[in-house]
Amino acid sequence: HTVLNGDATHIRTDSAASFKRVQIINDEKQFTPDLAKQIEHWSLHNAGFDYDIVAVFGSQSTGKSTLLNRLFGTDFDVMDETRRQQTTKGIWMCRGKGMNVMVMDVEGTDGRERGEDQDFERKSALFSLASSEVLIINLWEHQVGLYQGANMGLLKTVFEVNLALFGKKTADGRNQRTLLLFVIRDHIGTTPLDNLQTTLTADMQKIWDSLSKPPELQDRQLSDYFDMSFSALPHKVLAAEKFESDVQELRKRFVDKSREDYVFKPAYHKRIPADGVAFYMEGIWEQVQTNKDLDLPTQQELLAQFRCDEISAVALSEFNEQAKPQRRPVESGKVVEGLGAMMRSWRSTALERYDRDASRYHPGVYKRKRADLVGVLDSTLSPLFLGQLKNMHKACLVQFKQEMHEGMRGENYNFAEIVGAARERCEKTFDEGAREAVPVEGEDVVHWTYDDEFTLLREEMSSIADQCRKDETKKMVNVIERNFKKQISEPVDLHLTQPTPNMWDKVLVTFRDTLGKAESAYLVKAKSFNCTDAENTTALATLRKRAWMALRAKIDEQTADQSFLAKLRTFFEERFRYDEKGVPRVWTPSDDIDGAFQKARDETLELIPLYSKIAPVEKSLAYTLPSEPSDSLASSEEDFDFPTTLTIFTETKALDLTSRFRKDADAFYVEAKRSTVSSVAQ
Ligand code: GDP
Ligand code: MG
């Protein structure tokens, strides 16, 4: 017996309603739809296997109901002496007072004696035998040995059908075993019980031997299916006191588990959980009624299917109730705190509930239906799990970006360190969260992985970091470029206002030195950015090209028409209007104006070819750039051809500048001439 102690003590509180009897089969031979509810009223539905069933068999008016009421405290109808009226036909059931026992009393006519239809008797006897652990066979002492009078003929039929229908072994390989407890009534005592017992045993054996058995059960013995036990009671009226005390003695055999002759031995139990009894009995009755071939294993499997489905549905609906409120937040993108713990709790509660109630049923069916239940539970949990992962993924990326931005707020940060730290924290957050979100425990965990989601998160963090690094690199190159421009501005201006043959050498040295500093500034920063070699190559090429363009812009400034012509004019004036000592000349008619003019003009004109092309005297200083460096950091740029950038003035331009300068120079010449004339005129 599986003893549910809590329940057992609980149900031993007697109350009028909880011992109400129920007519399980009425005189129309219909099975009551109320039995399951009644078992609940009796507080037996949670008893599991901790209950027993007893039924009674015997001729009409042999004191069966009287005996049951005495033994179990029930209130079955007893025939009224004064009116001798027949009680309602049918099978009644009642819970034994103070005990987990369902007692069945069979009411009926004695068909044989009254010449009525024996159908009901046969069916109710068969039903009692098939469904109870102990069958009390009640008979008068004087019926012993009387085959007809003791209903032995009926017993034979019942045995026969019972063997055919229920003779096969159960799923766990046992025979259905039943105790036949013979109670001999109005025992006078002249024939000792032992002798009566011998007669009854021999009669039973005779009946067994005469049964027509199914071929596969030919060898089965009476003892394979039945145990027999015997008891005698004195006359209820003539030996009233002894009757009562003997009944109380007999009652102990139904109550005291420690007694050796305790009747409810585990071997007799039908192994139907209490909450399945109603369905099971109804099934047996239906089969008995329709005389369909039936064996108990099949019946038990049917019962198991029905009950396991019911139990599963209850567990599932509770589970769904719990899961429902979390669905919306997850769907709306929220990371639900402690969702995994909740899911594990719903799931295990549902399975515990199912296991508690369903594990008592047919093992195969129980396992199959459990697997079904697990499937349904997991298919409900799966979208929650995946939703939670998705939401965490999003939240982690937000966190990652935020940490990166915060880290790069200052001036001297190490990009690689910031990315590494942010990545580590986010991975930890995700991993911990994902592990928490797994809705199962134990071995099942292997079916709930988040590797793909983790990989995806890592990839997305990498691409965010890459993009960020590119943006940062771009900014950095821009800053370096700006600094470069500042740095070359003054020296280049200076070199270009002092036209000397090695003017370009000086410009290029300045350029090279400044660019060198810019490049190393880049490399220092780039190291902390974890830039790839390819990225460095591109960035440096860009930097060089932009530096060159900056230089070129500076040169353009200095060689723009007006400023270049001004430069020539100044150069010319310095030579024509001032003497070697830098003193302004005052022309006198004796001066060689023409000679001085020509000399100054020709020297000045030499500057035009000097400025026309960036050409250092020292050839090794010549700077070259690959003609088309890819500039990934610039959005768009015109075609760039390095060699053409070396030319400052084209030939046409040079000619144009020459002629414009000549005009300027001529003006100086004329002015000089006029000044001599005027001095002579004075
Ligand atoms: P049932 O039809 O087998 O259920 O018998 P009942 O319990 O209704 O009793 C039928 C009649 O027999 C009633 O009048 C009882 O008082 C009487 N009766 C009950 N027990 C005994 C008994 O042990 N001996 C005798 N002689 N009569 C009994
Ligand atoms: Mg009765």
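All of the numbers you see were taken from the coordinates with simple rules; none came from a lab. The model shown is predicted, which means the values in this text are computed figures rather than measured ones. Cβ: placed from backbone, ideal geometry, glycine included. Neighbour counts: every protein chain shown.
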Open item on the list: Can you list residues from other chains, or at least 5 along the same chain, whose modelled amide H is less than 5 Å from the amide H of residue 52?
Closed with: 101, 102
- [ ] Determine the alpha carbon to alpha carbon distance for each of 475/545; 554/613; 37/369; 64/89 and list only those over 19 Å.
- [x] 37/369
- [ ] Return 71, 222 ranked ascending by Cβ neighbour count within 10 Å, so the fewest neighbours appear first.
- [x] 222, 71
Task: Neighbour-count ranking [beta-carbon atoms within 10 angstrom, fewest first] of 660, 347, 271 - done: 660, 271, 347
- [ ] Would you mind giving the average projected area, over all directions, of the Cα convex hull of segment 484-582 in nm² with one decimal?
- [x] 7.6 nm²
TODO: Could you size up the charge dipole of the chain around its Cα centre, putting +1 on the beta carbon of Lys and Arg and -1 on that of Asp and Glu, and report it in debye to the nearest 20?
DONE: 840 debye
TODO: Report the percentage of all Cα-Cα pairs in segment 427-542 whose separation exceeds 19 Å, rounded to a whole percent.
DONE: 65 percent
- [ ] Please express the shape of segment 282-396 as an equivalent ellipsoid: the semi-axes are the square roots of 5 times the eigenvalues of the C-alpha gyration tensor, given largest first in whole angstrom.
- [x] 40, 11, 10
Task: Kirkwood-Stokes translational diffusion coefficient of segment 178-258, alpha-carbon pairs, 4 °C, 1.567 mPa s, µm²/s - done: 88 µm²/s
Task: Where labels lie 7 Å past Cα in the beta-carbon direction, separation of residue 581 and residue 456 in nm - done: 9.1 nm
Task: Label-point separation in nm, residue 429 to residue 591, each point 7 Å along Cα→Cβ - done: 8.4 nm
Task: Beta bridges by DSSP in the chain, antiparallel share as percent, to the nearest 5 - done: 35 percent
Task: Ranking of 380, 624 by count of other Cβ atoms within 10 Å, fewest first - done: 624, 380
- [ ] With 10 Å bins from zero, work out the P(r) of the chain over every alpha carbon pair and list the percent per bin.
- [x] 3, 11, 14, 11, 8, 6, 6, 5, 5, 5, 5, 5, 5, 4, 3, 2, 1, 1, 0, 0
Task: Taking the C-alpha atoms of segment 419-484, convex hull volume expressed per residue in Å³ - done: 71 Å³
Open item on the list: Explain nothing, just the number: relative contact order of the chain, from Cα pairs under 8 Å at least 6 residues apart, as a whole percent.
Closed with: 9 percent
- [ ] Compare the Cα positions of 379, 570, 649 along the charge dipole of the chain (+1 at Cβ of Lys, Arg; -1 at Cβ of Asp, Glu; about the Cα centre) and return the one farthest towards the positive end.
- [x] 570
Open item on the list: Give the lysines whose C-alpha is closer than 21 Å to that of residue 428, dropping any in the same chain fewer than 8 places away, or say none.
Closed with: 334, 390, 394, 401
Task: Near-label residues of segment 484-504 by backbone N, under 18 Å of a point 7 Å along Cα→Cβ of residue 574 - done: 491-504
TODO: Report, in cubic angstrom per residue, the convex hull volume of the C-alpha atoms of segment 546-614.
DONE: 97 Å³
- [ ] Would you pull out the residues with amide H under 5 Å of residue 228's amide H, same chain only if 5 or more places away, H placed 1.01 Å from N?
- [x] 180
Open item on the list: If packing is taken as the average number of other Cβ atoms within 10 Å across a peptide's residues, how do 585-597, 183-195 rank, most packed first?
Closed with: 183-195, 585-597
Task: 3J(HN,Hα) from dihedral phi, segment 264-276, Karplus parametrisation 6.51/-1.76/1.60, rounded to Hz, x for glycine, proline - done: 7, 6, x, 4, 8, 5, 7, 6, 10, x, 3, 6, x
